[in-house]
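What follows is one structure encoded as C-alpha cells, with my remarks underneath.
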Amino acid sequence: MASKTKLVPTPSIGLIPERDAGKRPILECIGLGITFGGLKAVEDFNLIIGRTEIAGLIGPNGAGKTTVFNLLTKVYQPTHGTILLDGKDTHGMDTAHVNRAGIARTFQNIRLFPSLTVEENVAVGMDTQMKYNMVNGILRLKNFWKEEKMVHERCLELLSIFHMEHLANVKAGSLPYGAQRRLEIVRALATCPSLLLLDEPAAGMNPSETAELMENIRKIRDTFHIAVLLIEHDMNLVMEVCEGICVLNFGRIIAKGTPEDIQANPAVIEAYLGKKKEEA
Amino acid sequence: MADKMKKLNFKKFLKGNALTYLMVIVAYVILFVMQTLGLLSNSLSGFLVPICAYVVMAVSLNLTVGIMGELSLGHAGFMSVGAYTGAVCSALLADLIPFAPLRLAIAMVGGGILAGLVSLIVVVPVLRLRGDYLAIVTLAFGEIIRNIMQVIYIGKDANGVHFAMSEGALNMAEGGKMIVRGPMGVVGIQKISTLTMGFILVMITLVVVLNLIRSRQGRAIMAMRDNRIAAESVGISIAKYKIMAFVTSAVLAGAAGALYAMNFSSILSKKFDFNTSILVLVFVVLGGMGNIRGSIIAAAALTILPELLREYADYRMLVYAIVLIVVMLVTNNPKIKPMATKFWEEKIAPKLPKKKAKEGVVNGK
Ligand SMILES: Nc1ncnc2c1ncn2[C@@H]1O[C@H](COP(=O)(O)OP(=O)(O)O)[C@@H](O)[C@H]1O
Ligand SMILES: [Mg+2]
C-alpha cells in the first residue's frame, strides 16, 4: 500500500505524495535549527509534509528526532529557521498556541495525567473546544451539562478507535504501558489537530500491538484526513506505514524519499541500518 | 438513551461529594442542637466559628496546594486582608444595615473581593516561579501584608471615614470612633459571626471547590499539576488556569478571614502570621493533598483538639505532636497508606459500613 505512493517534488524543499500536490502543505520547515550551548542538536532542517501524508522521521539514537518535535511544538524555541503550519508562520507562538493552531503530539517518555481517569485525560484534550465558564461550571448551569455530555460522548467515540471505552474510568497512571501509549494518541486526537506527531508510538509494544497500531495510524489518517509525522525505530512499521521518510543523523537530514529510496540509500545504510547491524 | 447518558454524567459529577456534604450538614445539626440546648461549654462554643473559618481556609488552600500543586506559605495573608476588610465593612455599615447576618454576609463578600484583588498581585510570581522559590515568595507576601496591617489606622467620625498611617495623622473630630488602630489591630468589632453563618460559608466553599474540581476548569488545573508540558501540548493555557485557582483560593480565604474576625471583639494582625499559614498547611497535608473531605476533618479536629486536651495540660503538646505524626504517616506514607487502606477495606469496612474512612485508616496503623 505504502509502496504505491508516488512522491512528487515541491518547489524548493521536499517531496509530498502526489494526491496532496497542488494543495498547500500542512507543514513547511525551512532551515530549522537549534543549538544547546554550542551543540548543534538540529541544523538546517528542511521538510514538507502533505495534508494527508503519513511521514516518518528516523535516525540513530541522539540524532535529534525528538528535538525536532520539541521545535515544532515550541517546547524549545528554534534558534534558526521558520515553521509554517498550513502556510502560517508559528513564530512567537508558545506550545499551547501551536496546539490550538493544529499540531498535536505524543511523547517518547509518556506524559499522561496519571491521577486523572482515562476519560478525563481525553477530555482535557477537548478543553480548548469547550466554552462554558467557571461560574457556569460551579453553578452547574445548562451549558455545563450540555457540553460535558457532548464531551463524554466524544471521548468514548475517540477511545473506541483503540477499543478502550471500557477503560474510561480507570486512572491513567494504572494502565499498562501499551495502553498508555494509545491513550496519548487519543488525547492528542481529541484536540482536533491537522498534524499529529507521534514520538516512538510502538516503543514497548509487542508485535501484535504494533501491527494493530499500524492499522490504526492509517485509520486515523483516513477518518480524520490529517497528516501524521512519526518517529519510530521499528523499521517494519516505518517502511510499511510511511509514505515519505526523512532520515536524520547528527542533527542533519541525510536522506529523504519513499521507503524504497531510503532502503536503497547507501548513506542511510551506513549511518543507520549498518550501525544497527553492528550493534546486534 | 440521551437521558441515560445524562444520568451517567450526573452520577459521575456527584460521586464522593454527597458524603462530604452529608458529613458537614450532620456535624452542623448536631453542634447547633447542642449549642441551643446549652450542652456545649462556653469555651467550646467559642471554637465553633473558628472551626468553620479554618475549614474554609484548609479547603481553599487545598485548591492551591493539592489540586494545583503549588506550595503556598502565605495563605494567612489573604485571611488577614479579609479579616480587616470585613471588620471595617461591618463597622462602617453598622448603622446602615442593622440586620447582622446580612451585614456579615456583605463583610464576607467584601473581604473575599479584596483578598482576591490582592492575590492578583501575588499571582505574578505564581506564574513565573515554581517549587521552593514560590514558597519563599508567598511566605514573604504573608509577612509583608502583616507588616502593612501594623501601620494602618482607620477611624470614623461625623465628617466621614479617615485613613492614615499613624494615629496622629487621622485628625479625628470629637466623638469619632477608631476602627483600625495600627499594632492594636481592628478594635470594637461587633461579634456577629455565628455557627450558622459559618456553616453557610463552609457549604458555599464546598460547592465552589468541589464543583470546580469536577468541571473542565478543575480538570485542566489537575492536568497542569500532573504534567505541565503535556497540558500545554493539548492547548491548556497555564497562566489562565493558575490565576483562576489561585484567586479563587484567595477569595475564599478572605471570606473566611471576615467570618473569623467577627467572632472576636478585636483582632490583631499578628493572628495571621507565618504560623497560621503553616497551621493551615498542616491541615491540608494531614487531610491529604487534594482530599477535600480530609481537609475538613483535619481542620476541625486539630482546631478543637488542643481545647479538648486542656485537662491534660502537661501532656497536651506531646499528644498533639504524636497525633500529627501518626496521621501524617498513615495518610501520606506510600508504604503504609496502601496497607492501611487494604486493612480498612478488608477488615473494617464490611463490619462498620457507616463509619468514616478516616478512622479506619488510623486504626489500620
Ligand atoms: N534540552 C537539551 N539540552 C541540551 N542538549 C539537548 C537537549 N535536548 C536534547 N539535547 C541533545 O540533542 C541531541 C538530540 O537528542 P534527541 O532529539 O532526544 O535525539 P533522538 O533522535 O534520540 O530523539 C542529543 O545529543 C541530546 O543530548
Ligand atoms: Mg527521541
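The values are calculated or read from the model by the stated rules, or taken from the named source; none is laboratory data. Nothing here was measured: the structure is a model prediction, and the numbers come from that model. All Cβ positions, glycine included, derive from the backbone under ideal geometry; neighbour counts span all protein chains shown. We work out accessible area using only protein heavy atoms, side chains counted, and drop any ligands, DNA or RNA first. Shrake-Rupley method; radii C 1.70, N 1.55, O 1.52, S 1.80 Å.
Below, the figures for the structure above:
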{"quantity": "Shape parameters for the stretch B:73-153, alpha-carbon atoms, Rg then Dmax in Å", "calculated": "14.8, 47"}
{"quantity": "Sequence of B:104, B:114 when ordered by accessible area, the most exposed leading, probe 1.4 angstrom", "calculated": "B:114, B:104"}
{"quantity": "FRET E, pair residue A:23, residue A:146, Förster distance 56 Å, beta-carbon r, rounded to 0.05", "calculated": "0.95"}
{"quantity": "Point-to-point label distance, residue A:154-residue A:39, nm (Cα→Cβ direction, 7 Å offset)", "calculated": "4.0 nm"}
{"quantity": "Pairwise burial B:A, computed as accessible area of each alone minus the pair, summed, 1.4 Å, Å²", "calculated": "3200 Å²"}
{"quantity": "1.4 Å probe accessible area per residue over the protein assembly as shown, in Å²", "calculated": "45 Å²"}
{"quantity": "Residues of the stretch A:133-174 buried by at least 50 Å² on assembly (accessible area, 1.4 Å probe, chain alone as reference)", "calculated": "A:134, A:138, A:140, A:145, A:148, A:149, A:152"}
{"quantity": "Exposure rule at most 13 other beta-carbon atoms within 10 Å, DSSP loop trypsin sites (Lys or Arg not before Pro): chain A longest free segment", "calculated": "A:132-280"}
{"quantity": "Solvent-accessible area, 1.4 Å probe, carbon plus sulfur percent, for the stretch A:112-192", "calculated": "58 percent"}
{"quantity": "Peptides B:56-64, A:77-85, B:287-295 ordered by average Cβ neighbours within 10 Å, highest first", "calculated": "B:56-64, B:287-295, A:77-85"}
{"quantity": "At least 30 Å² accessible surface lost relative to isolated chain, residues of the stretch B:218-258 (1.4 Å probe)", "calculated": "B:219, B:223, B:226, B:227, B:229, B:230, B:232, B:233, B:234, B:235, B:236"}
{"quantity": "Between the stretch B:43-92 and the stretch A:62-129, the alpha-carbon center distance in angstrom", "calculated": "39 Å"}
{"quantity": "Rounded D (µm²/s) - chain A, Kirkwood Rh over Cα pairs, Stokes-Einstein at 20 °C, 1.002 mPa s", "calculated": "110 µm²/s"}
{"quantity": "Sum of -39500 (n - 2.57) over DSSP H runs of 4+, divided by residues of chain A (222 nm, nearest 500)", "calculated": "-10000 deg cm²/dmol"}
{"quantity": "Diffusion coefficient, µm² s⁻¹, Stokes-Einstein with Kirkwood Rh over alpha-carbon pairs of the protein assembly as shown at 4 °C and 1.567 mPa s", "calculated": "46 µm²/s"}
{"quantity": "Pairwise label distance in nanometres, residue A:174 with residue A:61, each label 7 Å out on the Cα-Cβ vector", "calculated": "3.3 nm"}
{"quantity": "Residue B:147/residue B:307 FRET efficiency (R0 35 Å; Cβ-Cβ; nearest 0.05)", "calculated": "0.70"}
